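Asks: The structure that follows is given in the form of C-alpha cells.
What follows is calculated from the coordinates using simple rules that are stated; it is not laboratory data. Quick caveat: nothing in here was measured; it's all calculated off a predicted structure. Here the Cβ is made from the backbone with ideal geometry for all residues, glycine too, and neighbour counts use every protein chain on show.
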Amino acid sequence: MIYKCDGIVIDNEPLIKDFIYLMKIKETKIAEYAKPGQFLEIKTGTLPLLRKPISIFAVDKVEGTISILYQVKGQGTKNLSQFKIGQSIDLMGPLGNGFAVEKFNKKCLLIGGGIGVAPLYDLGLRLKEVGNEVEFILGFSSKETSYAIEYFKELGPVKIATIDGSVGVKGTVGAILEDYDLTDISKAYGCGPEPMLKYLKTIEDEVDLELSLEAYMGCGLGACLSCVCKMNDGDYKRVCKEGPVFKAKEVSFDE
C-alpha cells in the first residue's frame, strides 16, 4: 500500500551539524505499512522539482511515526535540514521491495557503509522482534564523520571500521570481514556505496546475502526507468520497484 500524504515533523535533530540529521515524522498510514528496507519519496520544497528518495531509519507503529536518517548533500537535503518541529511535510510511501525478515537458526549480520547504515536500524529491530540475534559491521570515513552508533549498540554488538583508523579497525568493512567467522551467521544484509557492495559479493557463496542498492531515482514508482540496474542474467531491474533490496547473487556490477 502506497500513500501520498502530509506528515508532521516531530523532531529534526542534527547528529553532525550541517551533515547528518535524524528526522522523526508523525504519519500513521505509512508507519502502519512500512517494512525494513523500504523508502520514502519526500517533497523538500519548491526546488528541486523532483522528490528526494530517503531510506526509512525507524518505524514506531504504536506512535504512528517514521524516522529518516539523512545526509545533507545538495539542495534537497539542505531543505530537509531546515524543516521545523510542527511543520507539514509532503510524503509518498512506503516504496520499494524491502529486506526479508524471519526467524533464522543462527545470527544475522548487518553491514553498512556511510549513510547506507540508515535502513539497517529498523531491520535490526524487526529481526530481534522475531527472535534473532543481530550483529553489525559499520564503516565510516573517520571518527568525526561517524554517527548513530549508539542506536545500533542498543540492538547488538557493533564493530566499526574507519578509513583513517581514528575509531575501530583501520580500513573499510572488508578489513573486519577478512577475519570474521561467517559459519555462525544464517543471514547477512548489506547497504552502502557500490565499492562496498561489490566487495560483499565476494562472500555471497559463504552466506545468504541481501544487498540494498543505491541509484538515481526520478519518480520512485518504476515508470521513468532512471534507476535500472543490471542483473546477472543480463536483464535489468528497477531499483525503486523490484529493489532496492535484491539477493546478492542476482546483482551484477559489471559495466
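Asks: Does the range 1-148 come out rounded, prolate or oblate, given a ≥ b ≥ c as the square roots of the eigenvalues of its C-alpha gyration tensor, rounded meaning a/c under 1.5 and, failing that, prolate meaning a/b above b/c?
Replies: Since a/c reaches 1.5 but b/c is at least a/b, the shape of the range 1-148 is classed as oblate.
Asks: So what is the relative contact order of the range 213-255, in percent, for Cα pairs below 8 Å that sit 6 or more residues apart?
Replies: 37
Asks: Moving to a separate point now. Computed FRET efficiency, Cβ-Cβ of Glu63 and Lys17, R0 30 Å: what is it to the nearest 0.05? List each step's numbers first, then the result.
Replies: On the way: r = 26 Å, r/R0 = 0.88.
After rounding, the FRET efficiency stands at 0.70.
Asks: Now for a different question. Just the number, please: Stokes-Einstein D of the range 180-255 in µm²/s, Kirkwood Rh from C-alpha pairs, 37 °C, 0.692 mPa s.
Replies: Translational diffusion coefficient: 254 µm²/s.
Asks: Under a crude label model (7 Å from the Cα following the beta-carbon direction), how far is Lys84 from Thr202 in nanometres?
Replies: Modelled inter-label distance: 5.1 nm.
Asks: Using the alpha-carbon centroid of each, what span in Å lies between the range 14-37 and the range 68-131?
Replies: Here the answer is 7 Å between Cα centres.
Asks: Could you work out, for the range 99-208, what percent of all Cα-Cα pairs fall into each 10 Å distance bin, beginning at 0 Å and stopping at the bin that holds the largest distance?
Replies: 15, 51, 31, 3
Asks: Additional query: Considering the values [x] 169; [y] 143; [z] 124, which represents volume of the Cα convex hull per residue in Å³ as calculated for the structure under consideration?
Replies: Matching entry in [x] 169; [y] 143; [z] 124: [z].
Asks: For an R0 of 35 angstrom, estimate the FRET efficiency from the Cβ-Cβ distance between Glu129 and Asp164 and round to the nearest 0.05. Could you put the intermediate results ahead of the total?
Replies: Numbers: r = 36 Å, r/R0 = 1.02.
Efficiency computed from Cβ-Cβ geometry: 0.45.
Asks: Okay, next question. Considering the options Ile115, Met1, Leu138, tell which one lies farthest towards the positive end of the dipole of the chain, charges being +1 on Lys and Arg and -1 on Asp and Glu at the Cβ, about the Cα centre.
Replies: It is Met1.
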